[in-house]
Structures are given as structure tokens and as C-alpha cells.
Amino acid sequence: MNLDIVLESFERWLNGYHLTNNDITIITYSVILCVMLIVTIALLIYLSVHTLFWNRIGWFFEDLYHWFQCNTDITTRHHDEDLTDEDFYEIMGIIHQGNPPKK
């Protein structure tokens, strides 16, 4: 369907002119198409809410962010530098802060 023909049909309908069978068919198909589009969008929103689709996209970008953090050399420590005992105890203290050792 050409958009100009559809617009002419709706213009005749809204202005109160006599509609031909072709105009009625075009208007009917247009209304059905709009209703189907609205129902499809509503179904997609319903499914995305119930399947946690948006949360999973958020988790993907969070994982991607952490991967970039781990694989880029933005840290101040160079990887070829030796780890001193003081650094080791500092790191172990940070780890055990959130996860205390089991007794």
C-alpha cells in the first residue's frame, strides 16, 4: 500500500465524504495493523518483564565492565613487579574483611 493512498482514504473518511470499497478496505487493514502492532509491543513488554530480560542485559554490561577492568592496565601496580610481604598482608586483609576465615 502506498502511504499517499492510505492518507487520502483517511482524509475522505474524516471529512465525511462517501467512501469506496477500496477506501474501506484500506482503512480496515490499517486499523487491524495498528491493533496488531500495539498487541505485539504489549506482549514483548510483558515477556521482557517476566523473563528478567532487562536485568540480564544489565548483568551482561556489568560483566563486560568488570572484564574490561580486569584486562586493561589502568592499575598503578605493574604486573612484573614483585609482591612484598607488606603488600601480601594488605591484600589478604582486604580479602578477609568481607570473608572472615572459618574457625
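The values are calculated or read from the model by the stated rules, or taken from the named source; none is laboratory data. Keep in mind it's a predicted model, so treat the numbers as computed, not measured. Neighbour counts are summed over all protein chains in view; Cβ atoms, including those assigned to glycine, are modelled from backbone coordinates with ideal geometry. All accessible areas refer to the heavy atoms of the entire protein, side chains included, with ligands and DNA or RNA removed. Shrake-Rupley method; radii C 1.70, N 1.55, O 1.52, S 1.80 Å.
Quick one: is Thr72 open to solvent by less than 100 Å² (accessible area, probe 1.4 Å), modelled with pLDDT of 85 or more and more than 15 Å from the chain's Cα centre (by Cα)? No; evaluated as a whole, the condition is false for this residue. Cβ-Cβ contacts under 9 Å between residues 6 or more apart (or on different chains), taken from a first residue in region 4-19 that is without any contact (Cβ under 8 Å) to a residue 12 or more places away in the chain to a second residue that is open to solvent by 90 Å² or more (accessible area, probe 1.4 Å) and assigned to a helix (DSSP H, G or I), are listed as Tyr17/Glu11; Leu19/Trp13.
Note on region 2-55: residues that are outside any helix (DSSP H, G or I) and surrounded by 10 or more Cβ atoms within 10 Å (Cβ to Cβ) total 5.
To keep it simple, each residue is scored yes or no on (1) at pLDDT 90 or above; (2) farther than 30 Å from Leu3 by Cα; (3) within 29 Å of the chain's Cα centre (by Cα).
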residue	(1), (2), (3)
Thr25	yes, no, no
Tyr29	yes, no, no
Met36	yes, no, yes
Ile41	yes, no, yes
Leu47	no, yes, yes
Ile57	no, yes, yes
Thr76	no, yes, no
Leu83	no, yes, no
His96	no, yes, no
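Can you tell me which of (1) open to solvent by less than 100 Å² (accessible area, probe 1.4 Å); (2) modelled with pLDDT of 85 or more is the one Asp87 doesn't meet? Looking at each condition in turn, Asp87 falls short on (2).
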